[in-house]
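The block underneath contains the structure these notes are about, expressed in structure tokens.
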Amino acid sequence: MTTTASPRRGLLIILSSPSGAGKSTLARRLMEWDPTLSFSVSATTRTARPGEVDGDHYHFISEAEFKQLVAESGMLEHAHVFGNFYGSPLKPVKEAIEAGRDVLFDIDWQGAQQIRNSDLGKHTLSVFILPPSIEELKRRLVSRGQDTEDTISKRMQKSWDEISHWDGYDYVLVNDDIDATEEQLKTIVSAERMRRAQQPGLQSHVRGLHLEFEEGSK
């Protein structure tokens, strides 16, 4: 009889966009669609906002602790943004993908580039989310009511730099309709999970088929 392929390897699913384009909403919906997804909880040196829970939204740590993790190669990616450090702890990510669980990242282009260039790069799926217009991008930032006018201005200034890196991603989606974009994202993830590199058991399965064929022809 033929052998059964081993469980697939996990994917590192990267979502990036300028602030306000919808990546956080899409990340949440993707988690609701497939509860087996693990979300990579970033570590940060910024203070928690009202309602944020340590270990859930972020791991809130000191700058000294953050720099020590970086020095010990304990961060898969990291960046300095708006005066604070952000990064993805490596250990839980490796454990998840080796167990066949996908890990979702809500990070910027710098972090995406670092992950793609890491030892885990061949297991990444990167998706960039574009806004339908700059005017709509600003409207979304203002309507969130989370940031001061100064912070919104800084985010808008940074948005073009982020958008300019759109061509470094595997897929690019224009989020002019959140429901349609969600469906597109689900389709992409479903297909990418079946990549040959994500199925370590295929080689032994094919060997089993060859053996079965040879035995049947005797």
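The values are calculated or read from the model by the stated rules, or taken from the named source; none is laboratory data. Keep in mind that what you see is a predicted model, and the values were worked out from it rather than measured. For neighbour counting, all protein chains shown are included, and Cβ atoms are generated from backbone atoms with ideal geometry for every residue, glycine included.
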Inset, instruction - Scan the range 156-168 and give yes if some residue there is under 25 Å from His78 (Cα atoms), of a type in the set (Asp, Glu), free of Cβ contacts under 8 Å to residues at least 24 places away in the same chain and assigned to a helix (DSSP H, G or I), otherwise no. - result: yes
Inset, instruction - State whether one or more residues within the range 189-200 are under 30 Å from Leu137 (Cβ atoms) and touching a residue at least 40 places away in the same chain (Cβ under 8 Å). - result: yes
Legend entry - Where Ala48 falls short, out of the listed (1) surrounded by 14 or more Cβ atoms within 10 Å (Cβ to Cβ); (2) touching an Asp or Glu at 6+ places or on another chain (Cβ under 8 Å): (1)
Inset, instruction - Determine if the range 48-64 includes at least one residue that is of a type in the set (Asp, Glu), within 18 Å of Glu192 (Cβ to Cβ) and modelled with pLDDT under 95. - result: no
Inset, instruction - Of all residues in the range 42-74, count the ones that are part of a helix (DSSP H, G or I) and β-branched (Val, Ile, Thr). - result: 1
Inset, instruction - Look through Val189, Val172 and report the one residue that is under 17 Å from Pro132 (Cα atoms) and aliphatic (A, V, I, L, M). - result: Val172
Inset, instruction - Select from the range 151-203 the residues that are among the small types (Gly, Ala, Ser), closer than 20 Å to Leu37 by Cα and either in contact with a strand residue (DSSP E or B) (Cβ under 7 Å, 6 or more places away or on another chain) or at pLDDT below 95 (or both) and list them in ascending order. - result: Ala197
Inset, instruction - Please work out if Ala79 is loosely packed, with under 15 Cβ neighbours inside 10 Å and either touching a helix residue (DSSP H, G or I) at 6+ places or on another chain (Cβ under 7 Å) or free of Cβ contacts under 8 Å to residues at least 60 places away in the same chain (or both). - result: no
Legend entry - Residues satisfying the stated conditions in the range 165-185, i.e. within 15 Å of the chain's Cα centre (by Cα) and among the hydroxyl-bearing types (Ser, Thr, Tyr): Tyr169, Tyr171
Inset, instruction - Find the residue count for the range 144-181, including only residues that are among the polar types (S, T, N, Q) and farther than 22 Å from Val81 by Cα. - result: 2
Inset, instruction - Hey, could you check the range 119-150 for residues that are part of a helix (DSSP H, G or I) and buried (at least 18 other Cβ atoms within 10 Å of the Cβ) and say which is modelled with the highest pLDDT? - result: His123
